1. With Kirkwood's inverse mean 1/r over C-alpha pairs for Rh, give me the Rg to Rh ratio of region 32-183, two decimals please.
2. By per-residue mean of other Cβ atoms within 10 Å, what is the highest-first order of 51-59, 84-92?
3. Amide H of Tyr52: which non-local residues (sequence gap of 5 or more, or other chain) have their own amide H closer than 5 Å, using H built in the peptide plane?
4. Sort Glu190, Glu153, Glu132 so that the residue with the fewest other Cβ atoms within 10 Å of its own Cβ comes first and the one with the most comes last.
5. Against the 2.2 N^0.38 Å scaling, with N counting residues, where does region 52-127 land? I'd like the Cα-based Rg ratio to two decimal places.
6. Explain nothing, just the number: relative contact order of region 62-129, from Cα pairs under 8 Å at least 6 residues apart, as a whole percent.
7. In whole Å, what is the distance between the alpha-carbon centres of region 165-185 and region 71-102?
8. Given +1 on the Cβ of Lys and Arg, -1 on the Cβ of Asp and Glu, and no further charges, what dipole in debye does region 37-154 carry about its Cα centre, rounded to the nearest 20?
Amino acid sequence: MHNLKINSMTKLFVPFLLLSMFAYGQATIKQKLEINNPQTIGGWKNLNESNYSLQYPSTWELNHSGQMGTSFIILSPKESEQDKFRENVNLIIQDLTGKDIDLNKFTEISEGQIKIMVTNSILLESKRIKSESTEYQKIIYTGDQGIFHLKTEQYYWVVNNKSYILTFISEQDKFISFAEKGEKILNSFEIK
């Protein structure tokens, strides 16, 4: 019975893993850029939605199209015309109503999916982060998607029967160059 429950949950989460890991870095992505101009402070813009907020560099592009189930995708600028992968941050929110999934179970399922679904995956870090106001799981892993060797950092929250999967993804050899901005975006995220 336990395996049946995990298998049915795996079906629920497979789309989020596939989407959050790989779909957003391609330079060919069609973009629906923000229409309203969020407030810019110190070279960073504020994105305020009814259930979350975050900040991102004003040089990065916000895609609010909802493409592939995302709430948003924030894409780094192309480094050159030859740049085939744009580092990015994206958010997927899933409704978990009736699924009886807490952060521990969500993390267990997600780690299992990484091992199964990501080619050459290596889980580098998985740790629980707690502060006075929030608790989330931080996951870092590497893996391959076609010609791309990627490094992914994800934060998972489970709040009010919803999972929030916030993902920063970069080519492995560029991760150090983009990590400071990517993690600053991740760490600015707040659930309202």
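Bear in mind these aren't lab numbers, they're just calculated from the coordinates by the rules spelled out. Since the structure is predicted, the reported quantities are computational estimates derived from the model, not experimental observations. Here the Cβ is made from the backbone with ideal geometry for all residues, glycine too, and neighbour counts use every protein chain on show.
1. 0.96
2. Ranked from most to least packed, the peptides come out as 84-92, 51-59.
3. Lys192
4. The order, fewest Cβ neighbours first, is Glu132, Glu190, Glu153.
5. Its radius of gyration relative to the 2.2 N^0.38 Å reference: 1.39.
6. 19
7. 11
8. 100
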